[in-house]
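For reference, the structure discussed in these notes is given below.
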């Protein structure tokens, strides 16, 4: 009887571990399918945005930079070697709030990112912080910079959502009057570390 109970407890433990592992797998970091070729080279951005926006976006860059020394973000200090532009423009036909536009290339049969441009859609209202009816600049920047690392949304829009996933910076929706996407969850940090 003792051996039978021990066997049942062992099997139950294995099943619980396996099921928790499978549940965790549903929200593991997702890749866009490509990363940057050299992990140690920073992603340098040019921008003509005003100093206030630039300072706020730099905070979003620092949030990802603090995760690891690999694939650091920085604003470009010269007119050469930029790997992307960050800009804002009115895009009335588009429903997105912010978007990362990648340029990719192939090397040794694999696809890598060679450029990552980010645009804020100014048909929407933006603010620094939680403001009713406005999107937080830093939250949107941090999310789009995650895409610039090659990180996809934590799941597709039609995928089953899990409890707490709206707290992820890489959640697939943005919210007005909210700043939680400024701070990376462990999921978001693991996403960068899994790619680099």
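The values are calculated or read from the model by the stated rules, or taken from the named source; none is laboratory data. These figures come from a predicted structure and were not determined experimentally. No Cβ is skipped: glycine too gets one built from the backbone with ideal geometry, and neighbour counts run over all protein chains shown.
Miscellaneous remarks
- Within segment 48-76, the set of residues being in a helix (DSSP H, G or I), free of Cβ contacts under 8 Å to residues at least 12 places away in the same chain and closer than 20 Å to residue 120 by Cβ comprises 51, 55, 62.
- Extreme residue, modelled with the lowest pLDDT, among residues of segment 146-179 that are over 18 Å from residue 61 (Cβ atoms) and outside any loop (DSSP other than H, G, I, E, B): 165
- So residue 18, is it more than 15 Å from residue 142 (Cα to Cα), assigned to a helix (DSSP H, G or I) and either at pLDDT 95 or above or touching a strand residue (DSSP E or B) at 6+ places or on another chain (Cβ under 6 Å) (or both): no
- Scanning segment 78-95 for residues that are in contact with a strand residue (DSSP E or B) (Cβ under 8 Å, 6 or more places away or on another chain) and more than 10 Å from residue 119 (Cα to Cα) yields 79, 81, 82, 83, 84, 94.
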